[in-house]
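> Next up is a structure, given as structure tokens.
Quick note: the coordinates plus some simple rules give every number you see, no bench work behind them. In this text, all values refer to a predicted model and were calculated from it rather than measured experimentally. Ideal geometry is used to build each Cβ from the backbone, glycine not excepted, and the neighbour counts take in all protein chains shown.
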């Protein structure tokens, strides 16, 4: 509840003050007619006399109601109109066997990549996001959607062995671009995350990047893996699980070229903290444009006070001229 003209509420002090002055004056001045018989002083007061004392209070309440009505009491309901220009994003995630390397201790590369991808998704609002996975081939795990809960569940479902082993970076880019090329949005990006070199598929990464450039898709490439050798788990039926150390095989030159060709950037993630910072960096580079307009719809209550005030004034006049009429 608020008032359109709250300063008018100061007038609420005037009616009580006037009433107090009236009572004070009546008590101060002596009656104009003096009686010689003191017995009249003990005459009991009739109900009409007692009732007439209510009349000034009726007028007081009426004046108070009118003052509050003039201040225009109202109740507002705010409404917000949000207009956003969303970004269309496809995340291309490498699920080849080399992503089992555990240089992102205590987890492997795929686990950390999935976790940070979900954190990135949680930070978006009105963007459509899809997921492409790839190894020796590529397929769409989730089409572009704003249902982030479903998307995060599908990310959790990604696992090794869904596709035959290999690294088809060019096919992953082509698949992601195919998902984005017909989208009417002004901003379309592909986030490619891999730890290897293109060694499978019918499309090489640079050719796929040229296709992306031709349709206005910007590519951010992320090379995942430590600079030195990384521990890789091997499950042997005789010896059980043991680790071998494999050197990093990221084709940084190609990933850099793909990013430069499309107007994106290349990042290197050597640990989980670096990967988290990369997603934060991309989040800052690709911000959704949001315009917000807010207004308040008010419901006025002042008119509901005028009628009771007029009714009290009318009641005072009628009672004062009839039942509680005082003779001069």
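> Ranking request for peptides 125-135, 187-197, 149-159, 98-108: highest mean number of other beta-carbon atoms within 10 Å first, then the rest in descending order.
Descending mean neighbour count gives 187-197, 125-135, 98-108, 149-159.
> For residue 12 paired with residue 321, estimate the spin-label separation in nm (one decimal), with each label point 7 Å from Cα along the Cα-to-Cβ line.
Going from the residue 12 label point to the residue 321 one covers 3.2 nm.
> Another question, if that's okay. What is the calculated FRET efficiency for residue 126 to residue 303, with r their C-beta to C-beta distance and R₀ = 30 Å, to the nearest 0.05?
Here the calculated transfer efficiency is 0.15.
> With an 8 Å Cα cut-off and a minimum separation of 6 or more residues, compute the relative contact order for region 87-287 in percent.
That works out to 23 percent.
> What distance in nm lies between label points placed 7 Å from Cα along the C-beta direction at residue 118 and residue 229?
Calculated label separation equals 3.3 nm.
> Shape call for region 87-287 from the C-alpha gyration tensor, a ≥ b ≥ c root eigenvalues: rounded (a/c under 1.5), prolate (a/b greater than b/c) or oblate?
prolate
> Okay, moving on. In terms of the Cα gyration tensor, with a ≥ b ≥ c the square roots of its eigenvalues, is region 116-194 rounded because a/c is under 1.5, prolate because a/b exceeds b/c, or oblate?
oblate
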